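Only one structure is covered here, and it is reproduced in the block below.
No value in this document is a laboratory result; all are computed from the given coordinates. Bear in mind that the values here come from a model prediction, so they are computed numbers and not experimental data. We place every Cβ from the backbone using ideal geometry, glycine too, and count neighbours over all the protein chains shown.
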Amino acid sequence: MRELIFATHNEHKSIEIQAILEDSYRILNLDQVGLSEDIPEDQDTLDGNALQKARYVEEKLGVDCFADDTGLEVDALGGEPGVYSARYAELSNERNNGQDASEANIIKLLRQMEGKSDRKARFRTVIALVIGGKQFTFEGVVEGSILEKKRGEEGFGYDPVFLPDGYNETFAEMPLSLKNTISHRARAVNQLADFLRTYLTT
Ligand code: IMP
């Protein structure tokens, strides 16, 4: 079976992607190939970060690999937090010592959204693949809106305040199995999977 490195330390993500790719490729994350360092991601776009991570690992290990980057884009905030979603509260020193990053990010987001009637937002995931010396990108988007209060306990990050269009449950209220079929990441991964299936046969 062909192997593909996923430039992440997040085991959960690599298991999720392995499930979608089934047995066409064996996915190995960075810890499984003994690369323990943090991979640089200091670009100002999702595409830039995903490509930076994939190229870094490809150059370091000399193997085909892919990387992802995700952001929450809120229309009323001019697309923020976007590429800075993970560090949204930290960037403005609004994360108190010891406070969970997601909790601080949500508090900041809800404060920024106070009084705003346009609640439209989307999660966007970009996956960059470097294979056979060439690079490709894939994108997955899920449209939705930002609630005024958190709802639900499942998921992570901004899930409790994100209501996907066409559903009455936030990402944190719905079963993970449903989130994983409609999410930004699932959509991007499915595109990667379609590409790899074709790539294998050409
Ligand atoms: P990453 O690129 O997957 O690490 O995502 C960057 C940040 O976006 C995370 O730290 C979360 O704050 C947010 N994020 C990414 N995916 C999700 C999701 O599925 N639900 C909620 N928040 C997410």
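Spread over its residues, the convex hull of the C-alpha atoms of the chain is 126 Å³ per residue.
Of all aspartates and glutamates in the structure, the ones whose alpha carbon falls short of 13 Å from that of Lys108, not counting any fewer than 8 places away in one chain, are Glu80, Glu90, Glu94, Asp100, Glu148. The value for the stretch 120-170 of Rg(Cα) / (2.2 N^0.38 Å) is 1.52. For the stretch 166-178, 3J(HN,Hα) computed residue by residue from phi via the Karplus equation (6.51, -1.76, 1.60; θ = phi - 60°) reads x, 10, 9, 10, 5, 4, 8, 9, 7, x, 4, 4, 6 Hz, glycine and proline entered as x.
Rg over Rh for the stretch 94-202 works out to 1.08, using Cα positions for both radii and the Kirkwood form for Rh.
With +1 on each Lys and Arg Cβ and -1 on each Asp and Glu Cβ, how big is the dipole of the chain about its Cα centre, in debye rounded to the nearest 20? Write out the running numbers ahead of the final one.
Numbers: 23 positive and 36 negative charges, 57 e Å.
Computed charge dipole of the chain: roughly 280 debye.
Once every Cα of the stretch 139-193 carries one equal point scatterer and solvent is ignored, give the base-10 log of I(q)/I(0) from the Debye formula at q = 0.16, 0.26, 0.27, 0.29 Å⁻¹, two decimals. Each listed q corresponds, in turn, to -0.43, -1.02, -1.07, -1.18. The length gained on full extension between Asp118 and Leu61, counted as 0.36 nm times the residue separation minus their Cα-Cα distance, comes to 15.9 nm. Coordinate range of the alpha-carbon atoms in the stretch 46-109 per principal axis, descending: 42, 30, 14 Å. When the inverse distances between all different Cα atoms of the stretch 101-145 are averaged and flipped, the Kirkwood radius reads 13.4 angstrom. Considering only alpha-carbon pairs that sit under 8 angstrom and 6 or more positions apart, the relative contact order computed for the chain is 16 percent. Dividing the summed -39500 (n - 2.57) terms of all DSSP H runs of n ≥ 4 by the residue count of the chain sets its mean residue ellipticity at 222 nm at -10500 deg cm²/dmol.
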